[in-house]
Amino acid sequence: YSVGGGVQSNTAVPLQPGAATPLDQYRMDATQNWMDDAEMSAYIGKAESVSSSSSGRQKMGGLRNLLTTNFQTGSGITDYTGYKAVDFQRDLLTRPRKSGGQPDVVVVASNWMDAFATWSFPLQLITQGDDIFGRPIKQWAAPFLGDVSIWEASLLPDYTAFSLTSREVRWRVKRPLVDEPLAKTGDVQKGQMIGELAIEADNEAHHAWVDGIT
């Protein structure tokens, strides 16, 4: 993030609640960008080591790379062009259950909500409370899935879905998020948000991943 002294001293700049100055706003935006990056990496991270990365930094392996046993994509999925509710349950719940998993959460891209409507399975909204930023956490339930929770993730690519046995998935914090100011240059204040996370999944056969549905 970076903000010039002229902008920082301007009292007419519209700011989000909780931000007293433009610099505070830019720091908040940088924090949100970091969180979005962490979320996207947890989904589809490239899984590169330091030696193979052109930037010299290792990259977290996302769930799309970790979940290999029950991973399905594109034309390798049965009925991928005419996907039905029974296929959804088969691929995301039955397969990991056969391996001893107990998936209790299904995370779906936003346009899967259209699929549930097409299948005449309207979802029931269950509000779980607020996150640390005061935003409501929304959980959905589908009658045909039993006690499995559905979470909508807007950052997922279209028609991507994965199921998790949630007690076997966790974040590992390598470096907690820190606000690291950079050297001041002229009339500009600059800084960067630094942090490292890794997603961990025990027994990857207890989870499932599906994408490429049309």
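The values are calculated or read from the model by the stated rules, or taken from the named source; none is laboratory data. Owing to the predicted nature of the structure, the values given are computational and were not obtained by experimental measurement. Every residue, glycine among them, receives a Cβ derived from its backbone with ideal geometry; neighbour counts consider all protein chains shown. We work out accessible area using only protein heavy atoms, side chains counted, and drop any ligands, DNA or RNA first. Shrake-Rupley method; radii C 1.70, N 1.55, O 1.52, S 1.80 Å.
For beta carbons closer than 9 Å, sequence separation of 6+ or different chains, a first residue in region 17-44 that is among the basic types (Lys, Arg) and a second that is loosely packed, with under 15 Cβ neighbours inside 10 Å and not in a helix (DSSP H, G or I), the qualifying pairs are Arg27/Asp179. You will find that of Ala205, Ala142, the residue that is in contact (Cβ under 8 Å) with a residue 24 or more places away in the chain and farther than 23 Å from Gly61 by Cα is Ala142 and no other.
Scanning region 180-195 turns up no residue that is within 19 Å of the chain's Cα centre (by Cα) and within 20 Å of Lys98 (Cα to Cα). Of the helices (runs of 4 or more DSSP H) lying entirely inside region 80-176, those containing at least 3 residues that are farther than 26 Å from Asn65 by Cβ are 112-118.
Counting only residues that are loosely packed, with under 15 Cβ neighbours inside 10 Å and outside any loop (DSSP other than H, G, I, E, B), which one in region 41-79 is modelled with the highest pLDDT?
Our first condition is that a residue be loosely packed, with under 15 Cβ neighbours inside 10 Å; within region 41-79, this holds for 46, 49-57, 68, 73-76, 78-79.
After this cut, where a residue has to be outside any loop (DSSP other than H, G, I, E, B) as well, the list is 46, 73-76.
Working: Lys46: 85, Thr73: 91, Gly74: 82, Ser75: 77, Gly76: 79.
If we take residues in region 41-79 being loosely packed, with under 15 Cβ neighbours inside 10 Å and outside any loop (DSSP other than H, G, I, E, B), then Thr73 is modelled with the highest pLDDT.
So, Ser154, is that one in contact (Cβ under 8 Å) with a residue 40 or more places away in the chain and exposed (fewer than 13 other Cβ atoms within 10 Å of the Cβ) or not? Criteria met by Ser154. Per the conditions (1) open to solvent by 20 Å² or more (accessible area, probe 1.4 Å); (2) at pLDDT 85 or above, the sole criterion not satisfied by Leu145 is (1).
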